[in-house]
Number of protein chains: 2
Amino acid sequence: MSFHLTKNSTLFTPSNYNLLSITLNSTSKYTNSTINRITKRKLNTSNLLFKNGNTFNPNKISKSFFSASTVHKDINNNNGPKVKPLEKIDHTILELVRLNNNFNPNIHKVVPFYLDTVMLGVIPENVFQQLKKYNKTFSKNEKPFSIFAHKVTFSEYVNTFEKRGKAINDLLTHWRDNNTFSCLKGWRDELYPVFDGNHEIAFNIERSGIALFGLRAFGCHINGYVEDPETHKLKMWIAQRSFNKQTFPGKLDNIVAGGVSFPYSPTETAIKECLEEASMPQEISKQVVPCGAVTYISVEKRGISSDSQYVFDLKLPPSFKPKPNDNEVEGFHLMEFDEIIERLKKNEFKSNSGIVIIDFMIRHGILTHSMEVNYLDILSNIHRPIPFPGPNFIKMKNKK
Amino acid sequence: MSFHLTKNSTLFTPSNYNLLSITLNSTSKYTNSTINRITKRKLNTSNLLFKNGNTFNPNKISKSFFSASTVHKDINNNNGPKVKPLEKIDHTILELVRLNNNFNPNIHKVVPFYLDTVMLGVIPENVFQQLKKYNKTFSKNEKPFSIFAHKVTFSEYVNTFEKRGKAINDLLTHWRDNNTFSCLKGWRDELYPVFDGNHEIAFNIERSGIALFGLRAFGCHINGYVEDPETHKLKMWIAQRSFNKQTFPGKLDNIVAGGVSFPYSPTETAIKECLEEASMPQEISKQVVPCGAVTYISVEKRGISSDSQYVFDLKLPPSFKPKPNDNEVEGFHLMEFDEIIERLKKNEFKSNSGIVIIDFMIRHGILTHSMEVNYLDILSNIHRPIPFPGPNFIKMKNKK
């Protein structure tokens, strides 16, 4: 059986990305490696970028468009953050969304990571090679992992919460000490829980290593906005990340965002981070409204981020001015949405924060179907199904 | 290569529906028919129901929970619509969402319908059999369709907008006159455009036949809500559909909804339908705010609905009372969200309208992650990618 397909067909247009995944899958099935084949079959939730794309190549995008030397620490002034694009670029909103949701099982080779029969994440090929090397340093009965060509699990004796956590921690510590993966240089001493199929915590893992296994991570982002009392026009408070930050230095960001770690719920995390990141008193922050979530699978230098970001809207009084409370933020700027869209298209935002703002603009009628031909594709791309188990916040709350 | 999978594994939990699709795909590949195999490969955008499900079987759901004899025409009274559930049911929100988005390439046999190299829709197996029968009644050079085991296209000579529309119209008229498909009894004399890969109209098709080919349809739904000026609590105006309506008689519905047909944009359609369905003056209806869209692929008695419903929020003045303007609506009821959730779970809503209200509740912080363990899965299920081409409203607007 074969399919009649040509490269220039509209199967390659944005609205057909999922179809393309299957198409490439069926044609390349017998030519690619085992690893890749497993990936394609198992992780076919892809909203993918174009392999043979005639419109867009993510590898051609420069990594950063900020020149640190041109930035002034103009906290809360009216001139906006001083950033100098290194080259002219003009992304479409759909391209930005796909840059952030760029995991493509037809391009990125991964091996699934199982707990018993439950897939918890996926291991990029380079990490898989290092894992095999590490596992070989143990004698037969002491190997912490069972490694097959098409999957990785814990060894049979690694069968408790504590033992799994220790096996993972020993591995990451070894890699950190040997400078195997640069993401572990940002070791945070912050544990993220990994959930099994019953929403119970299977083990904890150091936050900086989570993307090495493509495990699920959960975060929250707050859209801090202000409504003009007369015109009802909305503006949004935008943070600029510190240039000293380990991840995405200098990029524009939501007013507040943070990882959700046990035992905090997304809402508790949101309120906590409002104080820590923007000096926001609780009488304001407790008015955050949960308005959905964005989900995506993103391939980055540090690995694969299978992320769910809970989204909150927070209407701020016009008199409130956020202030940095730690060294994570250079400053805050109140921006009109025209400016935000312009800066988004220049890729000046941390990518997932940009996506949260795109979601906000769609929900509030700022970015509409009459402005944006890819409206429906954008919505699908920011709500990608994540095929790994997650927490049950209701059960967690009752346990506390 | 084989995968270690068991029926009771958490691969079958809600968060893994896409994975399940692939799993079943790989194990059942050599046992199913060609038709089914094509479907699985080509349409793997599934957010599916469980084939071997241990939790939920859509076939067990009764078709209607309304007993017409118990309904009073109590338009705009305060007691809510009188509907008597025929049996006790209590769906979860995720089940409702999946009932509406229930196309599953592992269960539903379809053949793709192409225009040149562009897939426009999918034809259910029973329709495919009738199409073959119809095509055989023509002599070799006059057959309107080219039919293969794995795809259907127009014949080479059917190569213009007019010829394609005629071929489809002749076919549907033949089926209507022969009572082949009951959906055609509801012939509307309303044409829907079908778009090619360049967003141009490839042909028009009678609205009542669109699901026979799984072609894309576009609609708009308006959430008409009222905010209590003191408590800021929201209520929503809910319509009850006429018992004489061809589709979903007696079901609860959004205040206003309608199909988007050329040359109207979603916003123009929304405003037009507000007058037609709820006697709403333009000074109110023109304040509709576009707030996104829900997309899904739904298998129904009439065929396969590959739908995109543009969603609008409309804050109504507390003094405004919608009134039926035609015979489509029994009456309108202002409901608290507690009641709406209760009635949703009893499956009293037209399914896609229920989904639009679920989306509203998520966007407005009424249904939150701290109430709903399947929050993220719900969001992915209501934003399913639709792998067929659609219109470009911006280009259409400029052409008018």
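Laboratory data are not the source of any read-out in this text; all were calculated from the coordinates shown. Just so it is clear, the model here is predicted, and its values are computed rather than measured. Positions of Cβ are backbone-derived with ideal geometry, glycine not excepted, and every protein chain shown enters the neighbour counts.
Things worth noting here:
- Karplus-derived 3J(HN,Hα), 6.51/-1.76/1.60, for each residue of region A:258-264, Hz, glycine and proline x: x, x, 9, 10, 3, x, 7
- When each of A:245/B:395; A:301/B:397; B:143/B:395; A:399/B:345 is checked by Cα-Cα distance, pairs over 32 Å: A:245/B:395; A:301/B:397; B:143/B:395
- Within straight-line reach of residue A:166, meaning a Cα separation under 18 Å, sit the following aspartates and glutamates at least 8 residues removed in sequence or on another chain: A:116, A:142, A:156, A:177, A:189, A:190, A:196, A:200, A:206.
- Amide H contacts for residue A:203 (H built 1.01 Å from N in the peptide plane; partners 5 or more residues away or on another chain; cut-off under 5 Å): A:194.
- In sequence order, calculated HN-Hα J values of region A:108-124 (Karplus, 6.51, -1.76, 1.60; Hz; x Gly/Pro): 8, 7, 9, 10, x, 10, 10, 10, 6, 9, 9, 7, 9, x, 9, 9, x
- For the pair residue A:336 and residue B:126, label points projected 7 Å from Cα toward Cβ lie 5.7 nm apart.
- Between residue B:90 and residue B:321, the modelled label-to-label distance comes to 3.5 nm, taking each label 7 Å out from Cα in the direction of the beta carbon.
- The H on the amide N of residue B:251, modeled in the peptide plane, is under 5 Å from the matching H of B:241, each at least 5 residues off or on a different chain.
- Label-to-label distance, nm, for residues given as residue A:287 and residue A:247 (7 Å Cα→Cβ offset): 3.0 nm
- Contact order for region A:110-212, expressed relative to its length and based on alpha carbon pairs under 8 Å spaced 6+ residues apart, stands at 23 percent.
- For region B:359-368, putting each phi into the Karplus relation 6.51 cos²θ - 1.76 cosθ + 1.60 with θ = phi - 60° gives couplings of 4, 4, 5, 5, 5, 9, x, 8, 10, 10 Hz, in residue order, rounded to whole numbers and with x for Gly and Pro.
- Surrounding net charge for residue B:120, when Lys and Arg each add one and Asp and Glu each subtract one, Cβ distance under 9 Å: 0
- Shown for B:237, A:175, B:187: other C-beta atoms within 10 Å of each C-beta, ranked fewest to most, produce the order B:187, A:175, B:237.
- For residue A:116, residues with placed amide H under 5 Å, excluding near neighbours: A:154
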